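Since every read-out is calculated from the coordinates, none of them should be taken as a lab result. These numbers come from a predicted model, not from an experiment. No Cβ is skipped: glycine too gets one built from the backbone with ideal geometry, and neighbour counts run over all protein chains shown.
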Amino acid sequence: MFKLLKTDKKARRGTFETVHGTFQTPCFMNVGTAAAIKGGISSVDLQGLKTQVELCNTYHLHLRPGDHVVKQMGGLHKFMNWDKPILTDSGGFQVFSLARLRKIKEEGVYFASHIDGHRIFMGPEESMQIQSNLGSTIAMAFDECIENPSPYKYVADSIERTTRWLIRCKEEMSRLNSLPDTINKDQLLFGINQGSTFDDLRIKHMEDIAKLDLDGYAIGGLAVGEATDEMYRIIDVVEPYMPVHKPRYLMGVGTPSNIIEAVARGVDMFDCVMPSRNARHATVFTWSGIMHLNNKCYETDPRPVDEQCDCPTCRNFSRAYIRHLFKANEQLAGRLAVQHNLYFYNTLTEKIREAIDEDRFEQFRGKYSQLLATRI
């Protein structure tokens, strides 16, 4: 159950109670694609990095090790030793971005695995079945991820099909949650708003899926190459039509500045591979801006990555040491940097929550939105 506790203009402060515990919003979900954070971060590590929710990938786990294997092991929570909420995406984005030779039909999508090319079919029912086998806290509905730009007529037809798929997802989840061998009989379902960059289609689709009274709603199909201002414009267009008392999730976003600006527009939940991916390439986020640790100026710098940070990396290691590890191609370099970035993102949303609680979010936004996007 989602509770909206407070607003500061459009910024929202809430709690979301689930069968796997309650998390605070705004919230950043750490992305563990194959039930692991890339960079050698375990679920045990995440407990000390302020992680509230982990996101895992339906498509990848369906291919390896197989969702039936995960179910046999007791579900994702037991498999990866994580007792807090897990959100699984539907697999739709990967089907449309990674799969070869895909063919979209009313029943679903036929595609070839990006691993070995074998033929696979995934539709709304199959996506729900896979996510039920994984036993995640929140399952995302199966949708078509539309390329930007796309022709108006194609987008209009696509969102109508996605709405029909969403109805099938809801019916299948209800059936699965009633079965005796289902791991998580309280699994929640989020619908996804699509519509490319067409205002009227975005609004129509949001109105249509809001009628289904789902557990939450996401804005999809953004952060895929369009200009940042265009992304913000679409959020502004869609937000008035999103149910007030349901959580709002902006998929695949983004930079610290993106998160601050999206919170200002009424968004509650975020996920992105950016903090871990950038960290593995020596780029870290700090309260003074973005830092690249391979730079020569850090060769003999004894300070922590961020003097305002108390993450395990900053408490124990210097910039000089981490730079050395990157230059020596030591795996520890990526692990230490990923730890820092995840902690930073989770602390960012923590500080956003505090600012909303104390009626100073606009002050926080004014200080940090541009600063955190600055390259040091």
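For the reader, a short list of remarks on this structure follows.
- Region 228-320: chymotrypsin sites (Phe, Trp or Tyr not before Pro) in DSSP loop, at most 11 other beta carbons within 10 Å: none
- Within the chain, helix-based [θ] at 222 nm, where runs of 4 or more DSSP H residues each add -39,500 (n - 2.57), nearest 500: -12000 deg cm²/dmol
- Positive-pole candidate from 133, 15, 113, dipole of region 1-157, charges at beta carbon: 15
- Efficiency of FRET from Cβ geometry, residue 181 and residue 329, R₀ 45 Å, rounded to 0.05: 0.45
- Here residue 105 is the anchor, and the aspartates and glutamates within straight C-alpha reach of less than 20 Å, apart from those fewer than 8 places off in the same chain, are 125, 126, 143, 144, 147, 157, 160, 171, 172.
- Rounded to 10°, Cα long-axis angle of helix 199-210 versus longest principal axis of the chain: 70
- Neighbour cut-off at most 11 other Cβ (10 Å), DSSP loop, trypsin sites (Lys or Arg not before Pro), region 1-100: none
- Exposed loop positions in the chain were taken to be GluC sites (Glu not before Pro) whose DSSP state is not H, G, I, E or B and which have at most 12 other beta-carbon atoms within 10 angstrom. Between these positions, the longest stretch is 107-298.
- Counted residue by residue at 0.36 nm each, then reduced by the alpha carbon distance between them, the extension gain from residue 5 to residue 78 reaches 23.1 nm.
- Interatomic Cα distance distribution for region 22-150, bins of 10 angstrom, percent: 13, 42, 32, 12, 1
- Beyond 26 Å, the tail of the calculated P(r) for the chain holds 51 percent of the Cα pairs.
- Mean separation of Cα contacts under 8 Å, 6 or more apart, over the residue count of the chain: relative contact order %: 18
- Per-residue 3J(HN,Hα) values for region 63-72, derived from phi via the Karplus relation 6.51 cos²θ - 1.76 cosθ + 1.60 with θ = phi - 60°, read 7, 8, x, x, 5, 5, 5, 4, 4, 4 Hz in sequence order (x marks Gly and Pro).
- Relative packing of peptides 127-133, 193-199, 288-294 - highest average C-beta neighbours within 10 Å first: 127-133, 193-199, 288-294
- Spatial separation of Cα centroids for region 54-118 and region 325-376, in angstrom: 29
- Pairs beyond 25 Å (Cα-Cα), from 84/211; 185/246; 84/185: 84/211
- What you get for the chain, charging only the Cβ of Lys and Arg (+1) and of Asp and Glu (-1), is a dipole of about 740 debye around the Cα centre.
- Couplings for region 46-58, taken from phi via the Karplus curve 6.51 cos²θ - 1.76 cosθ + 1.60 with θ = phi - 60°, read 4, 4, x, 10, 6, 5, 9, 9, 10, 10, 10, 9, 4 Hz in order; Gly and Pro are left as x.
- Beta-bridge orientation, region 2-272: approximately 50 percent antiparallel, per DSSP, counting only bridges with both partners inside.
- For region 319-360, a simple Cβ point-charge model (Lys and Arg +1, Asp and Glu -1, everything else neutral) yields a dipole of about 420 debye relative to the Cα centre.
- Helix 152-177 vs. the chain, principal-axis angle (Cα, 0 to 90°, nearest 10): 90
- Toward the positive end of the charge dipole of the chain, with +1 on the Cβ of Lys and Arg and -1 on the Cβ of Asp and Glu, the farthest Cα among 52, 266, 313 is that of 313.
- Using a Förster distance of 30 Å, the FRET efficiency for residue 36-residue 15 (Cβ separation, nearest 0.05): 0.65
- In the chain, the longest principal axis of the Cα atoms and the axis of helix 331-357 are about 80 degrees apart.
- By the count of other C-beta atoms within 10 Å, a proxy for reagent exposure, 286, 255 are ordered fewest to most as 255, 286.
- Shown here for region 200-302: trypsin sites (Lys or Arg not before Pro) in loop regions (DSSP other than H, G, I, E, B) with at most 12 other Cβ atoms within 10 Å, namely 211.
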